[in-house]
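The values are calculated or read from the model by the stated rules, or taken from the named source; none is laboratory data. Keep in mind that what you see is a predicted model, and the values were worked out from it rather than measured. So basically every Cβ, Gly included, is an ideal-geometry build from the backbone, and we count neighbours across all protein chains shown.
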Amino acid sequence: MTNKIKLLPDHVANQIAAGEVIQRPASVVKELLENAVDAGSQIIQLIIKDAGKTLVRVVDDGMGMNSIDIRLAFERHATSKIKVAEDLFALQTKGFRGEALASIAAIARVETHTRTKDEEVSHHLKIEGSNVIEQTFSTQPKGTSIAVKSLFYNIPARRNFLKSDTVELRHIIDEFHRVALAHPGINFLFFNNGNEIFDLPVTSFRKRIVNVFGTKLDSLLVPVEESTSLAKLEGFVLKPSQSKKTRGQHFFFVNNRFIKSSFLHHAIIKAFEGLLKPGYHPGYFLFLNIDTKRIDINIHPTKTEVKFDDEQSLYAILRSAIKHSLGIFQIVPTLDFLQNQAIELPYNYKDKTPSTPPIEVDSSFNPFKNVKSKVPLNILKLEGLHSDEKTEYTHDLKSSKQLIETPQITRVFQLFSKYIVCPLKTSMLLIDQHRAHQRILYERFLSAITSKKGISQQLLFPIFITLNPQQLEQFKETEDILDSLGFQIKLKDHKTLEVIGAPELCPSHKIENVIESILSESDQISDNQHFSYADQVAKSLAKSLSIKTGDSLLIIEQQRLLDDFFGCKETTVSPFNKKIFITLEKSEIDQKLS
Ligand code: ADP
Ligand code: MG
């Protein structure tokens, strides 16, 4: 009788286990960066090619490994970070499972150089799919360099599963942010395809945030600090005005380790109660320091989840500390008010000296006269305009298709600075001006992108926009689309855009905001493969440039809006899937009044 059960060969077991730790290039980045931090490095360089699919290399100046350690490092459950089980409850390092390097070596070609401070020579080790190919001496400086090439070369199914370079790069940048933010005392450099995208000098935590995310953030950080017997909390939340619907800046570190906890995220949201629009999330960079005995990090292979022994108290501490900080921020609203105003000044006006506004006096004004003050000016104009006009609609409109056939619409007025009311023969249309205009702009921009025939207008003065490293990466992805829309942009000195032309539909004072939102919004959505880039850019532009609720429109503008709107391919919903208009039948009105 032969037995059925066999032990899996090591390399197969390693491949299976690798799947848990290494899902994508970003997982390699995380593990290598954390090892470099644990090695006590002062300078850490991350070098990637093709979003990490071809190469992820981390070079550090840390403690290095000797000739035996370099071999052991790639064995499963080989770690220098714990010796006995109790150590698990007093972790000061990032690693401890001793499986990252073994996993990586099982599914890639790995080349390591390493030297300790006491040795004259460095050691060089080459491993492919868990097999040692070569071990020699080399002459490298103190520290370790690990290069991971052709990730998943021996598991094609996993390789095919990887997303586009943009998406994979975004995941890598996310991991890089997490490690770099937690260690402002280390100099991090990051090169992508030979271009330096980050050089973060040793600095304070606040400055590190600003160096990573751009100087704009500096004035938006609200400090949070609390010290209790259970835990110490410090860091920053972003002002409520910075809250976002999607992937905001959510950084929560426990003992310098990036952690995901929906429970504690909820505590933070609770602290912002009443300050956020529904569905919006606040940004935060928070550090929790807690006795290592009170937490268990060992519940997740990638160590991004943690168990606390007293979650309820932590929840309360977080909530009240943040609420308190926001309270302090709220009682100095004047400062904030001034700051926002400065930010919102149109670009062209920034450097102008203010002039005295002209004073207009209405000499016929009589406060006691019962004027029709509540009637919008537009309606008055409308009445005048149409008093002897007899244009009627020849047929009623039921569907959007019929709408396109309508004769020129003349009898319209604006209601609540929000709707355009358009009376028809036996019904009435109530059109949301903002959504209708979004629809118009969206279709125009989309067709400009697809036909590559966006009409461009030369600017009188070029506009300069400084980009942060992510925006820069995003710009490279979006450049073609911006070009086909009619933007004429040159990249200067690797971080400044010079805009010399823009689409006709984009007023010059909005250019800076529009470009910035395209570059940050497309960053948020690129994970979503269902929508093409072009579509997202067209939406972003339509959102930024559309007429808003609250804008009052001249009668001629209202008419133009309706004409353009009825020329759209789709008239029922906005690009964001919101209903654009409703029809009120005369019979419905009659019934209400019966
Ligand atoms: P862990 O980090 O959980 O211990 P890893 O597989 O990531 O497991 O690494 C195994 C061991 O290799 C580490 O415990 C450490 O001793 C050594 N090591 C890995 N990377 C470095 C590095 N950059 N510098 C020095 N030693 C390293
Ligand atoms: Mg490790």
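Which one is modelled with the highest pLDDT among residues in the stretch 54-83 that are near ligand 1 (Cβ under 8 Å from one of its atoms) and charged (D, E, K, R)?
60
Determine, yes or no, whether residue 114 is at pLDDT 95 or above, farther than 12 Å from residue 71 by Cα and either under 41 Å from the mean Cα position of the chain (by Cα) or not in a strand (DSSP E or B) (or both).
For residue 114, the condition - at pLDDT 95 or above, farther than 12 Å from residue 71 by Cα and either under 41 Å from the mean Cα position of the chain (by Cα) or not in a strand (DSSP E or B) (or both) - is not met.
Collect the residues in the stretch 573-583 that are within 18 Å of residue 419 (Cβ to Cβ) and out of contact with any strand residue (DSSP E or B) (no Cβ under 7 Å at 6 or more places or on another chain), keeping them in residue-number order.
Of everything in the stretch 573-583, those that are within 18 Å of residue 419 (Cβ to Cβ) and out of contact with any strand residue (DSSP E or B) (no Cβ under 7 Å at 6 or more places or on another chain) turn out to be 574, 576, 578.
With the structure loaded, tell me whether residue 264 is modelled with pLDDT of 85 or more and in contact with a Gly (Cβ under 7 Å, 6 or more places away or on another chain) or whether it fails that test.
no
Would you be able to say whether some residue in the stretch 42-52 is at pLDDT 80 or above, touching a strand residue (DSSP E or B) at 6+ places or on another chain (Cβ under 8 Å) and near ligand 1 (Cβ under 10 Å from one of its atoms)?
Within the stretch 42-52 (the criterion being at pLDDT 80 or above, touching a strand residue (DSSP E or B) at 6+ places or on another chain (Cβ under 8 Å) and near ligand 1 (Cβ under 10 Å from one of its atoms)), the answer is yes, since at least one residue qualifies.
Let's see how each residue does on (1) over 19 Å from residue 207 (Cβ atoms); (2) under 22 Å from the mean Cα position of the chain (by Cα); (3) surrounded by 18 or more Cβ atoms within 10 Å (Cβ to Cβ); (4) among the polar types (S, T, N, Q):
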residue: 233; (1), (2), (3), (4): yes, no, yes, no
residue: 237; (1), (2), (3), (4): no, yes, yes, no
residue: 249; (1), (2), (3), (4): no, yes, yes, yes
residue: 279; (1), (2), (3), (4): yes, yes, no, no
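Of the conditions (1) in contact with a Lys or Arg (Cβ under 9 Å, 6 or more places away or on another chain); (2) surrounded by 18 or more Cβ atoms within 10 Å (Cβ to Cβ), residue 245 clears all except one; give me its number.
All conditions are met except number (2).
Give me the residue from the stretch 136-153 that is within 33 Å of the chain's Cα centre (by Cα) and surrounded by fewer than 18 Cβ atoms within 10 Å (Cβ to Cβ) and, out of that set, nearest to ligand 2 (Cβ to nearest atom).
149
Only one of 166, 203, 228 is under 16 Å from the mean Cα position of the chain (by Cα), surrounded by fewer than 21 Cβ atoms within 10 Å (Cβ to Cβ) and among the β-branched types (Val, Ile, Thr); which?
Just a single option satisfies the conditions, and that option is 166.
Just checking: which of the strands (runs of 3 or more DSSP E) contained wholly in the stretch 140-204 hold 1 or more residues that are within 29 Å of residue 256 (Cα to Cα), touching a Pro at 6+ places or on another chain (Cβ under 8 Å) and in contact (Cβ under 8 Å) with a residue 60 or more places away in the chain?
Passing ranges, in order: 187-192, 195-200.
Starting from the stretch 25-48, take each residue that is within 13 Å of ligand 2 (Cβ to nearest atom) and list its partners that are part of a helix (DSSP H, G or I) and hydroxyl-bearing (Ser, Thr, Tyr), counting only C-beta distances under 6 angstrom and pairs at least six apart or across chains.
none
Could you list, in sequence order, all residues of the stretch 462-508 that are more than 24 Å from the chain's Cα centre (by Cα), surrounded by fewer than 17 Cβ atoms within 10 Å (Cβ to Cβ) and touching a residue at least 60 places away in the same chain (Cβ under 8 Å)?
508
Please pick out the residue among 120, 86 that is at pLDDT below 75 and more than 13 Å from ligand 1 (Cβ to nearest atom).
On inspection, the qualifying residue turns out to be 86.
Considering only the stretch 451-492, state which residues are farther than 30 Å from residue 199 by Cα and touching a helix residue (DSSP H, G or I) at 6+ places or on another chain (Cβ under 7 Å).
Pass one, the stretch 451-492, residues farther than 30 Å from residue 199 by Cα: 451-461, 484-486.
Passing the criteria: 452, 454, 459, 484, 485, 486.
Against the conditions (1) over 30 Å from residue 188 (Cβ atoms); (2) at pLDDT below 85; (3) not in a helix (DSSP H, G or I), where does residue 449 fall short? Just the number, please.
That leaves (3) as the condition not met.
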